Structure formats: C-alpha cells, structure tokens
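Note sheet for the following structure.
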Amino acid sequence: MSDPVALPELRSLSRPELAALVAELGEKPFRARQLFRWLHRNGAAALDEMTDLPRPLRAALAARSSLVTLERASEQRSVDGTIKWTWRTGDGKLVESVYMPEADRKTLCVSSQVGCALGCGFCMTGTMGLARHLTAGEIVDQVHRANRRLVELGEGPAPRPLTNLVFMGMGEPLHNFDQLKAALELLLDEDGPNFSHRHVTVSTSGLVPVMRRLGEETQVKLAVSLNATTDAQRDAIMPINRRWPIRELLAACRTFPMKQGRRITFEYVLLGGVNDTDADAQRLAKLVAGIPAKINLIPYNDNPGLGFRAPAPERVEAFHRILFDRDITAVIRKNRGGDIAAACGQLAAAGRPGDQSRHSPDITGGETLTDPGALGY
Ligand code: SAH
Ligand code: SF4
C-alpha cells in the first residue's frame, strides 16, 4: 500500500492546486469546482458523499490523494450554550474547538496547532509544548465538522450555522502562518464557507515579523495578547516578549495595515497580584493610546497547578473603570464554558488517542520554546 502521508491532502489544497490535480486526472475544469464545493461548502466527510462526481474520478482521487476529516472524539456542552469538541486527527492527535452562541452571532474558536511552543505561564495549552502544526485541511475541517454538527443539533441552517471565527484555540496561529493563510483562503472562498474577513479574527501572542505578513497577505482582523504593561512583567509570563518586547509589538500594531474603521483587539488576561493594579491600568491606557483599539479584559480562568489566581471582581471593575475614564473601549469578557474547561487558556487535549484527561500539567511530549530566538524569524 502506498504511504498516505506522501499523497496530497485534498482538503489542504488551494483552488489552483485542486484544479491542477483534476486536470492531471484528465477531467474537465468544472469538476474541480464541484469537488471544491463538496470539500468546503458542504464539508463532505468522504469521497463517497460526492455523488455527482463520476465514480472513476472518485476512484482516481482516492488513489492519488488523501482526505482529512477530523473524528469527533468528544462533545461537552456547557450550561451557557458553549460546546467544546475534541477532534482526533488521522495520526491520533487531539485538538479542540469551542462554539460560542450569542444573540447576534455564532462563533467558533479554532485551533491552529497541537499544543503551543510559546509556553505562556498562565495558559494550559502552553504546558503541552508543541506536538505539531495543524495542516490547512485540519484547520478548516474544524469549521466543517462544527457546522455539520450544529445543523444536526438544530443550531442553524445548513450548510453554515457559524457566522464568525476566532483563531484563539490551541496554538499560536502565526507560528503556523503558511497553513493558517491557506486555511483562511479556503474559509473565505465564495465557493467554500464564504466567511467575510470582517468576521474572522486571528489572535497572536506577538510574533512581530509575521504580524506584518498577516496584515499584508490577508484581510482578517487582528487580536494581540498583550497581557502585561511592563517588559519585566511580560517577560515573566510570556517568554516571547524576550524576543519581541512590548515596544516592538506595539510598533507593529501601529503600522499594521488596517481597513478604515477597524480596530485591533488587545487581550489582557487579568492575573491577581501580577498585572491588575491601578498603575497597570494607567500604563495600559498609555500603551494603546493612538492605536485604534479595543481591550478585552479576561479575568484569569483557573488552571490548577499554574500558580495564578483571578483578581477579585471589584479589582476587575476598578481596572475597567480606569480605562473607561480614559476613553478606552474595554469590555470584561464573560467566562464562557468554564464548567467544561472551554474558556480561554483552558484548552489542552491530551495527545493520546482516547485519553480524555484534562488539566494535568504533565501532558507533555511536545517542544516548549525556552529560547524564543529558536522560532527562526
Ligand atoms: N496563541 C494565541 C492564540 C490563542 S488565544 C494567543 O496567545 O493570542 C488564547 C487567549 O487566551 C490569549 O489571549 C491568552 O492570553 C488567553 N489566555 C490564556 N490562558 C488564559 C487563562 N488561563 N485565562 C484567561 N485567558 C487566558
Ligand atoms: Fe500559546 Fe497563546 Fe497559550 Fe501563549 S496564550 S501558550 S501563545 S496558546
């Protein structure tokens, strides 16, 4: 049997690549469009579903390519309507996506890597290290599997109940930029799920050189996990800051190419006794001054064993008030899905097939970046 790893993965191919493959198989160009729509509009799970493609073409595709479809390993539903899915990849890795329904939007929080190399001290995904990048096909298939499941659950009309995507799941999307970009192109394609770039947000911990590429090569929205107001603080909780400190990060935000009326979202995880003082709030207001910005204040979601705590609610309010008084748009993010460990920074599927254990910091087996220079930018 041929090695499936060597075969092109259909769901990762761009439209031109798919067209080239179909042409190579001696088929007419319209077949490529049909195939693309099956893969990305309907989220077909298998070639057999593509009933209007000639059987010989399906057989040829089966011989010449592989088809990534994530398997649903678990589904957990929160009292607040949030759903967390754990997906199993073809090689037995587990990744998670989180569905967050609101009155005016239905958002999926998407993962970009199995684990994360950046090792932020407060983040459960960071404790896993990086097992591997996800392929474009695995990134987009989270969206397809979610859409299909949501239709089954009566959450919205086929083929696409989801309205918004945020790349805030497991992993650092900009550390996997080429696959991320390929995935975004598929997700925004009008023959695919046809998301609007206005409804897609990519969050980064601050890979400065890649932020520029995101701005130049895509049109999606940017979120930046700032999380601290001095380099000493940020160095301590986000190792990436030692490579690209706050000044460079904010300079990249200031020059980020943005459409008229857009704003950068700054995420700020409030860690009790670490970055939650009045002085922090005042410094935060100064740091973002002049940047079209809004700030998401995220009270720390508890990850046992990481040694942090959430500030008292009054502290969160006081912090918010200081920003408000300085005319900074800031919202306190609700802790969604906390009862199923689906809130920000709590995603950490174990790497073993069938293993559903959560919250054990010894889920390793991946690389953690102790020297951020090793990212190679
Ligand atoms: N790696 C990217 C994308 C993941 S987004 C990034 O860091 O931006 C995950 C978000 O959750 C980030 O804003 C991060 O700061 C936040 N987060 C991580 N751990 C958290 C925790 N325990 N409580 C609250 N927010 C957390
Ligand atoms: Fe990685 Fe983001 Fe978690 Fe940091 S906060 S470890 S960059 S996923």
*asked:* Once neighbouring chains are kept in place and the probe is 1.4 Å, which whole percent of the accessible area of region 71-375 is contributed by carbon and sulfur?
replied: 49
_Quick check: from the Cα gyration tensor, does region 246-355 come out rounded (a/c under 1.5), prolate or oblate?_
oblate
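Mind listing which trypsin sites (Lys or Arg not before Pro) in region 57-102 are in a DSSP loop and have 15 or fewer other Cβ atoms within 10 Å?
Values: sites: ARG58, ARG64, ARG72, ARG77, LYS84, ARG88, LYS93; in loops: LYS93.
The qualifying sites: there are none.
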*Förster-model FRET efficiency, 35 Å R0, ASP52 and ARG105, C-beta, rounded to 0.05*: 0.60
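Taking N as the number of residues in region 71-375, what value does Rg over Cα atoms divided by 2.2 N^0.38 Å take?
Working: Rg = 18.1 Å, N = 305, 2.2 N^0.38 = 19.3 Å.
Rounded to two decimals, the normalised Rg is 0.94.
Rounded to the nearest 500 deg cm²/dmol, what is the calculated helix-only ellipticity per residue at 222 nm for the chain, with -39500 (n - 2.57) per DSSP H run of length n ≥ 4? Mind showing how you got there, number by number?
On the way: 11 runs with 116 residues, N = 377.
Estimated from H runs of four or more residues: -9000 deg cm²/dmol.
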_Mean Kyte-Doolittle hydropathy of 0.5 or higher plus an axial Cα length of 15 Å or more: which whole DSSP H helices in the chain meet both?_
177-188
*asked:* Which three numbers, in whole Å and largest first, are the semi-axes of the equivalent ellipsoid of region 1-120 derived from its Cα gyration tensor as √(5λ)?
replied: 32, 18, 13
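Please identify the GluC sites (Glu not before Pro) of region 190-299 that satisfy two criteria: DSSP loop assignment and at most 12 other Cβ atoms within 10 Å. Which are they? Display every interim value, and only then the final one.
Working: sites: GLU190, GLU216, GLU217, GLU248, GLU267; in loops: GLU190.
Loop-located and lightly packed - GLU190.
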*Hey, how many Å between the Cα centroid of region 180-245 and the Cα centroid of region 1-67?*
31
_By the 4.7 Å beta carbon criterion, which cysteine residues of the chain come out unpaired?_
CYS109, CYS116, CYS253, CYS344
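Give the shape of region 10-64 as rounded, prolate or oblate, defined through the alpha-carbon gyration tensor: a ≥ b ≥ c are the square roots of its eigenvalues, a/c under 1.5 means rounded, and otherwise the shape is prolate if a/b is larger than b/c and oblate if not. Each step should come with its number before you reach the end.
Numbers: a/c = 1.44, a/b = 1.09, b/c = 1.33.
It is rounded, given that a/c, with a ≥ b ≥ c, falls under 1.5.
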*Mind checking the per residue accessible area of the chain for me, 1.4 Å probe, whole number of Å²?*
42
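The values are calculated or read from the model by the stated rules, or taken from the named source; none is laboratory data. Here the structure is a predicted model, which means the values were calculated and not measured. Neighbour counts are summed over all protein chains in view; Cβ atoms, including those assigned to glycine, are modelled from backbone coordinates with ideal geometry. These area figures cover heavy atoms from the full protein model, side chains too; ligands, DNA and RNA do not enter into them. Shrake-Rupley method; radii C 1.70, N 1.55, O 1.52, S 1.80 Å.
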